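The values are calculated or read from the model by the stated rules, or taken from the named source; none is laboratory data. Quantities reported herein were computed from a predicted structural model and do not represent experimental measurements. Neighbour counts run over all protein chains shown; Cβ positions are idealised from the backbone, glycine included. Keep in mind that these areas ignore ligands, DNA and RNA; they rest on the heavy atoms of the full protein, side chains included. Shrake-Rupley method; radii C 1.70, N 1.55, O 1.52, S 1.80 Å.
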Amino acid sequence: MRPSQASFPALRLRRTRKSAAIRALCQENALSMNDLIWPVFVVDGTNERQEIASMPGVERLSIDQVVKAAKEAHSLGIPAICIFPSTDPALKTECCSEAWSPDNLSNRAIAEIKQAVPEIAVMTDIALDPYNSNGHDGIVRDGIIVNDETIDVLVKMALAQAIAGADILGPSDMMDGRISAIRGALESEGHQDIAILSYSAKYASAFYGPFRDAVGASGALKGDKKTYQMNPANADEAMRLIQRDLAEGADMVMVKPGMPYLDICSRTKKEFGVPTFAYQVSGEYAMLMAAIQNGWLDGDAVIAESLMAFRRAGCDGVLTYFAPRIAKMLNG
Ligand code: PBG
């Protein structure tokens with residue numbers, strides 16, 4: 001319970017909003033470059049930059065261009081970059097073996113970034129959808145996404161990423177038991193210092209549409225992801241998933257999507273007090289950009305406000321396609 005407040009006129013809450021100086025003193029939360037993880041899409045080729053229609057301003061980049069982007073991110077003060085491969089459809093199979101190939105697109109990108117800009121943290125995504133001819137995050141048998149068999153290959157995928165030089169692994173598949181399996185394999189293979197940022201509370205969301213275009217998974221997906229990603233109606237279940245992933249060895253947790261799930265971010269930080277991240281996903285980016293490009297919203301202001309919301313909700317950081325834009329703003 002709060003102590004009772006003074007009442008008007010002793011209480012005039014506008015006093016702390018009177019000038020920029022006093023507003024600055026009384027500001028409760030702040031956004032900085034340190035809060036940003038920049039997701040980037042990688043494609044084969046050299047000197048290749050492909051626009052993504054549903055994500056204006058975001059491009060698929062060949063590895064040489066991703067390395068340039070990582071250098072730029074580092075010079076802007078962005079601490080981490082997250083790699084998403086747009087895999088050649090010819091390499092997508094039902095067994096998903098490209099996922100753990102040591103020189104798949106993602107692993108080559110990790111190695112080249114770490115070589116060129118060792119200071120930046122490289123995060124990865126662990127899920128089979130970029131490599132699966134079914135478009136699912138797990139192995140599909142007779143129409144069922146099979147949990148335990150998927151875990152075996154996710155572990156191979158995680159180890160390949162660790163060997164390539166990844167700093168933060170991001171299991172986004174939502175299978176049960178994957179965090180302990182990956183953590184156990186990392187420990188026994190000598191990768192005890194690699195962090196796991198688990199996509200613990202990942203919802204079966206309609207906001208991922210543009211991302212699936214970006215990685216070329218839209219056409220491939222058969223059915224939906226509701227047997228593994230969460231029901232958007234649930235909140236207590238998110239807390240159970242987070243508790244479970246932390247108990248299995250996750251170092252950091254994520255809520256995804258972001259803005260429609262700020263209540264989940266807030267509960268996560270309050271109930272667990274652990275490093276908490278939100279993913280401002282492709283559909284959130286697309287919505288804001290559509291309005292900004294129409295001149296309906298003020299871009300810089302609305303982007304900054306959308307990101308501050310995550311800080312207010314208790315997030316330590318945000319995965320956002322706006323990372324370089326907001327970092328430039330913050331750098332003045
Ligand atoms: C892969 C994955 C997805 C996203 C991140 N990792 C798509 C999905 O689950 O279908 C979405 C990110 C975004 O929309 O920006 N499992």
Inset, instruction - Count charges around MET252 for me, please; just the other residues with Cβ under 11 Å from its Cβ, Lys/Arg as +1, Asp/Glu as -1. - result: -3
Inset, instruction - Could you work out the equivalent-ellipsoid semi-axes for region 231-332, taking the square root of 5 times each eigenvalue of the Cα gyration tensor, largest first, in whole Å? - result: 27, 15, 10
Legend entry - Net lengthening on full extension, LEU13/ASP251 (0.36 nm per residue, minus Cα-Cα): 81.7 nm
Legend entry - Note, ³J(HN,Hα) from phi for region 20-36, Karplus 6.51, -1.76, 1.60, rounded to Hz, x at Gly and Pro: 4, 5, 6, 4, 5, 4, 8, 5, 8, 10, 9, 10, 9, 4, 5, 8, 10
Legend entry - Given LYS202/LYS269; LYS226/LYS270; LYS92/LYS225; LYS156/LYS256; LYS92/LYS256, the pairs whose alpha carbons are separated by over 21 Å: LYS226/LYS270; LYS156/LYS256; LYS92/LYS256
Inset, instruction - Taking every pair of Cα atoms in region 12-150, average 1/r, invert it to obtain the Kirkwood radius, and report Rg/Rh to two decimals. - result: 1.16
Legend entry - Cut-off under 5 Å, modelled amide H: who pairs with CYS82 long-range: TRP38, VAL40, MET123
Inset, instruction - Using the Kirkwood radius over Cα pairs, work out the Stokes-Einstein diffusion coefficient for region 100-148 at 20 °C and 1.002 mPa s, in µm²/s as a whole number. - result: 169 µm²/s
Inset, instruction - Determine how many Å³ per residue the convex hull of the Cα atoms of region 33-330 encloses. - result: 120 Å³
Legend entry - Average accessible area per residue (Å²) across region 33-330 - probe 1.4 Å, nucleic acids and ligands excluded: 39 Å²
Inset, instruction - Roll a 1.4 angstrom probe over the protein heavy atoms and tell me the percent of accessible area of region 33-330 that is carbon or sulfur. - result: 51 percent
Legend entry - Among beta bridges that DSSP assigns inside region 33-330, antiparallel share in %, nearest 5: 15 percent
Inset, instruction - Run the numbers on the chain and let me know its relative contact order in percent, using alpha-carbon pairs under 8 Å that are six or more apart. - result: 18 percent
Inset, instruction - Determine, from the Cβ-Cβ distance of ARG2 and GLN243 and an R0 of 35 Å, the FRET efficiency 1/(1 + (r/R0)^6), rounded to the nearest 0.05. - result: 0.75
Inset, instruction - Assuming 1.306 mPa s and 10 °C, estimate D for region 178-302 with Stokes-Einstein, Rh taken as the Kirkwood radius over Cα pairs, in µm²/s. - result: 98 µm²/s
Inset, instruction - Select from ASN29, ALA327, PRO171 the residue farthest towards the positive end of the dipole of the chain; place +1 on Cβ of Lys and Arg, -1 on Cβ of Asp and Glu, and compute about the Cα centre. - result: ASN29
Legend entry - Vicinal HN-Hα couplings computed from phi for region 236-247 (Karplus, 6.51 cos²θ - 1.76 cosθ + 1.60; Hz; Gly/Pro x): 4, 4, 4, 5, 5, 5, 5, 4, 4, 5, 5, 5
Inset, instruction - Report ³J(HN,Hα) in whole Hz for each residue of region 291-308, in order, from the Karplus equation J = 6.51 cos²θ - 1.76 cosθ + 1.60 where θ = phi - 60°; Gly and Pro get x. - result: 5, 5, 5, 7, x, 7, 10, 7, x, 4, 5, 6, 5, 4, 5, 5, 7, 4
